[in-house]
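Here the structure is laid out as structure tokens; the discussion comes afterwards.
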Amino acid sequence: IVLRVFIGKPGNDVVEHLNDEELSELAVKEIQRIMNFSTQPEWVRINRLIHCMPQYNVGHRAGIKAVREHVAEHYPNLHLIGTPFDGIGIPDGVKQAKELVQSIVGSNEN
């Protein structure tokens, strides 16, 4: 089993001050607690991506809605998708792309 673990959140930088061994121990203990097992991992790889997850400001959705309305009115064949607009991770971007393709294909079939 391969597990990917994200630790930390905006405003809580406690993990930035842990060394790799301490961070690994914290992650393993938390996974063991959540999944109710005591197995130790065969290997651990740590990638520190500090402050990498975008945080939308209050009013972000309203602003994006206004931009999309303007684009739809003036550039009807231009579509805006991606992490600046809806969702912050790769799975969100893939989902948006699939939904957009389906909506374009569906509208062209009519």
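The values are calculated or read from the model by the stated rules, or taken from the named source; none is laboratory data. Remember, it's a predicted structure, so these values are computed and weren't measured experimentally. Backbone-built Cβ (ideal geometry, glycine too); neighbour counts: all protein chains shown.
Data table
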{"item": "Matching residues in region 36-51 - criterion: being farther than 24 Å from Gly89 by Cα and surrounded by 11 or more Cβ atoms within 10 Å (Cβ to Cβ)", "result": "Pro41"}
{"item": "Count of region 63-87 residues which are loosely packed, with under 10 Cβ neighbours inside 10 Å and under 21 Å from Glu99 (Cα atoms)", "result": "4"}
{"item": "Residue ID - nearest to Val14 (Cα to Cα), chosen from residues in region 39-98 that are among the β-branched types (Val, Ile, Thr) and over 19 Å from the mean Cα position of the chain (by Cα)", "result": "Val44"}
{"item": "One residue from Val105, Val71 being assigned to a helix (DSSP H, G or I), at pLDDT 95 or above and more than 30 Å from Leu18 (Cα to Cα)", "result": "Val71"}
{"item": "Hits in region 26-44 (condition: assigned to a loop (DSSP other than H, G, I, E, B) and within 15 Å of Phe6 (Cβ to Cβ))", "result": "Val44"}
{"item": "Test: residue in region 26-35 that is on the phi > 0 side of the Ramachandran plot and surrounded by 10 or more Cβ atoms within 10 Å (Cβ to Cβ)", "result": "no"}
{"item": "Check on Glu22, in the same structural domain as Asn12 (by TED's automatic domain parsing), closer than 18 Å to Ile7 by Cβ and out of contact with any Gly (no Cβ under 9 Å at 6 or more places or on another chain)", "result": "yes"}
